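Below is one structure, written out as structure tokens; the observations come after it.
The values are calculated or read from the model by the stated rules, or taken from the named source; none is laboratory data. Not measured: the values here are computed from a predicted model. With ideal geometry, Cβ positions are generated from the backbone for all residues, glycine too; neighbour counts draw on all protein chains shown.
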Amino acid sequence: MPFLMSARKNKVRLTPDQFRHWKHKSITFLGMSGIGKTYISNILRSSDWFHYSGDYRIGTRYMNEPILDNIKSQAMQVPFLQDLLRSDSIYISNNITVDHLKPLSTFLGKLGDPAKGGLTLKDFKRRLQLHHEAEVAAMMDVPEFMKKAKDLYGFNHFINDAGGSVCELENEAVLETLSQHTLMVYIQASEENKEILLQRAIDSPKPLYYREAFLDEQLSHYMAEKQIDYVALIDPDDFVRWVFPKLFSSRIPRYESIASQYAYTIKTEELYQVSSESDFLNLIEKAIDRTTLEAS
């Protein structure tokens, strides 16, 4: 669509009628992990939409080998499995799925005490860099998969379920590519949803992606506050619990900045009212109308 291809560093402008008559709709969801991107993608997946998961692409295409090497390195520490692997008697595969991304999360890991499953700072940063490069590549693959979704699989519409760390990439080419080929939609968390996500991080701390500058700054603050002299003394889960609110707060202005230039914004309380494709399409038209009014 011409109005998408010309959207460079400016908010995409179109009317609800243009969106309604867009024959092959393509949308990129932006927002924090756990905010509802995959929830709505799963609804659309049953209504002639191809669901492209950025995290799935990362795990299966760009980080499959590092993920498997990490698993094998753990298995090689068990004498029984070591013998079987060395003799090619068994093999290990990556069974990552769109709905089950744990192999990718496990590879990313957590910083801290190796006795508690933590990684050294050097290895953790290496994995962050691999993830960064893979995420950039996965987002740059979107145009190719849009074509494949329509020409090969026969889907009329395309949804790009981007990872929660897209705002951290600091890569203009990614934003330009996504804005030129898809309608970008930012899912803005309500205060209630923010509290839910924060509590979830406390209850079940999971591996997270950090920009290196952010990590260095927050790690310094954490170690000073906790009076810890060495990274190897850090409790991995405690660091994740401590840093997540700060990461969350740092990402919001990044997403808001992207949204102000490239995307339409919908709110989580609106998104959670969606139960069908028609509900979703009406919500996007509402967001387009709202943006037009705000700009006038």
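Is it the case that some residue within region 141-156 is without any contact (Cβ under 8 Å) to a residue 12 or more places away in the chain and assigned to a loop (DSSP other than H, G, I, E, B)?
yes
Regarding region 175-192, can at least one residue be identified that is among the aliphatic types (A, V, I, L, M) and surrounded by fewer than 20 Cβ atoms within 10 Å (Cβ to Cβ)?
The answer is no, given that none of the residues of region 175-192 is among the aliphatic types (A, V, I, L, M) and surrounded by fewer than 20 Cβ atoms within 10 Å (Cβ to Cβ).
Before we move on, is Ser47 touching a residue at least 12 places away in the same chain (Cβ under 8 Å), of a type in the set (Ser, Thr, Tyr) and under 27 Å from Ser204 (Cα atoms)?
In short, no.
Six or more apart or on different chains, Cβ under 7 Å: which pairs go from a residue in region 57-75 that's charged (D, E, K, R) to one that's surrounded by fewer than 16 Cβ atoms within 10 Å (Cβ to Cβ) and part of a loop (DSSP other than H, G, I, E, B)? Could you list them?
Lys72/Ile92
For residues that are surrounded by fewer than 14 Cβ atoms within 10 Å (Cβ to Cβ) and either touching a residue at least 60 places away in the same chain (Cβ under 8 Å) or assigned to a helix (DSSP H, G or I) (or both), tally how many sit in region 245-281.
Here the count works out to 9.
So Asp238 ticks every box in (1) in a helix (DSSP H, G or I); (2) at pLDDT below 95 but one. Which box is left unticked?
(2)
Collect the residues in region 193-220 that are in a helix (DSSP H, G or I), charged (D, E, K, R) and surrounded by 15 or more Cβ atoms within 10 Å (Cβ to Cβ), keeping them in residue-number order.
Lys194
So, in region 68-86, of the ones that are among the charged types (D, E, K, R) and closer than 17 Å to Pro103 by Cβ, which residue ends up surrounded by the most Cβ atoms within 10 Å (Cβ to Cβ)?
Lys72
Taking Glu65 and the conditions (1) of a type outside the set (S, T, N, Q); (2) surrounded by 13 or more Cβ atoms within 10 Å (Cβ to Cβ); (3) within 29 Å of the chain's Cα centre (by Cα); (4) modelled with pLDDT of 90 or more, which numbered condition does it fall short on, given that it satisfies the others?
Answer for Glu65: the failing condition is (2).
Please specify each residue of region 65-101 satisfying the condition of being of a type outside the set (Val, Ile, Thr), in a helix (DSSP H, G or I) and in contact with a Ser or Thr (Cβ under 9 Å, 6 or more places away or on another chain).
Leu68, Asn70, Asp83
Restricting to region 14-35, name every residue that is under 21 Å from Asp141 (Cα atoms) and among the small types (Gly, Ala, Ser).
Ser26, Gly31, Ser33
When region 5-30 is examined, which residues are found to be among the small types (Gly, Ala, Ser) and either in contact with a strand residue (DSSP E or B) (Cβ under 7 Å, 6 or more places away or on another chain) or at pLDDT 95 or above (or both)?
Correct list: Ser26 only.
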